[in-house]
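The values are calculated or read from the model by the stated rules, or taken from the named source; none is laboratory data. Just so you know, these numbers come straight off a predicted model, no measurement behind them. Neighbour counts run over all protein chains shown; Cβ positions are idealised from the backbone, glycine included.
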Amino acid sequence: MKPKGSNVDYEEDRKKDLMRAYHEYIDSHKHVNLLMLYKTIVNMPSERFWVSEERAAVVICSMMKGDTLSTMRPTKREMHYEIFRRAMELRKKFPNLTILQIAFKVVRQPAPKFYITPSYAQSVILSFKKKWFEERRKKLRHLF
């Protein structure tokens, strides 16, 4: 088992946050348009930036040296630019903080969106629902 704060924990927490957004969308719409569902929820606010503090610090340092993140996928690049913007604001306010301390504070702030593709969100949600139904079926199996 990985320690708390590992990528496995982020994945599970991100799945739960994504399911929260999914249920908010479902609960607020009488008729659900599946084409719009995933496009909408990936752009809903997220409880945090889903990247480790260490990775964010590495990317912030790289960007401070002029890296434009040109080889990074567009959604990840967009996320890191937002993290960098917030990090530079925080650095102005607290110049004595290390980049890792700044990254720690920034990635735990609410994020404006999930920074994932609609197709990835769909696969995560369908996988989560499939697992939930399988567990439910196992629990109810003894009743029949």
**OP:** Kindly indicate whether any position in the stretch 102-117 is over 16 Å from residue 18 (Cα atoms), of a type outside the set (A, V, I, L, M, F, W, C) and more than 14 Å from the chain's Cα centre (by Cα).
**Re:** yes
Original post:
Is it the case that the stretch 39-48 has a residue that's free of Cβ contacts under 8 Å to residues at least 12 places away in the same chain, exposed (fewer than 14 other Cβ atoms within 10 Å of the Cβ) and out of contact with any Cys (no Cβ under 6 Å at 6 or more places or on another chain)?
Top reply: no
Subject >> Cβ pairs under 7 Å, 6+ apart, first in the stretch 78-100 and among the aromatic types (Phe, Trp, Tyr), second surrounded by 15 or more Cβ atoms within 10 Å (Cβ to Cβ) >> reply: 84/60; 84/63
Original post:
Condition test on residue 71, is it surrounded by fewer than 14 Cβ atoms within 10 Å (Cβ to Cβ) and at pLDDT 95 or above?
Top reply: yes
Original post:
Which number in (1) charged (D, E, K, R); (2) in contact (Cβ under 8 Å) with a residue 40 or more places away in the chain; (3) loosely packed, with under 15 Cβ neighbours inside 10 Å marks the one condition that residue 113 misses?
Top reply: (3)
Original post:
Does any residue of the stretch 43-50 turn out to be out of contact with any Leu (no Cβ under 8 Å at 6 or more places or on another chain) and in a helix (DSSP H, G or I)?
Top reply: no
**OP:** Of all residues in the stretch 20-38, count the ones that are in contact (Cβ under 8 Å) with a residue 60 or more places away in the chain and either in a loop (DSSP other than H, G, I, E, B) or within 16 Å of residue 111 (Cβ to Cβ) (or both).
**Re:** 1
Subject >> Single residue of the stretch 59-100 satisfying the filter (farther than 22 Å from residue 113 by Cβ and part of a helix (DSSP H, G or I)) that is nearest to the chain's Cα centre (by Cα) >> reply: 100
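Given the criteria acidic (Asp, Glu), closer than 20 Å to residue 14 by Cβ and modelled with pLDDT of 95 or more, does residue 89 qualify?
Values: acidic (Asp, Glu): yes; closer than 20 Å to residue 14 by Cβ: no; modelled with pLDDT of 95 or more: yes.
Spelling it out, it is not the case that residue 89 is acidic (Asp, Glu), closer than 20 Å to residue 14 by Cβ and modelled with pLDDT of 95 or more.
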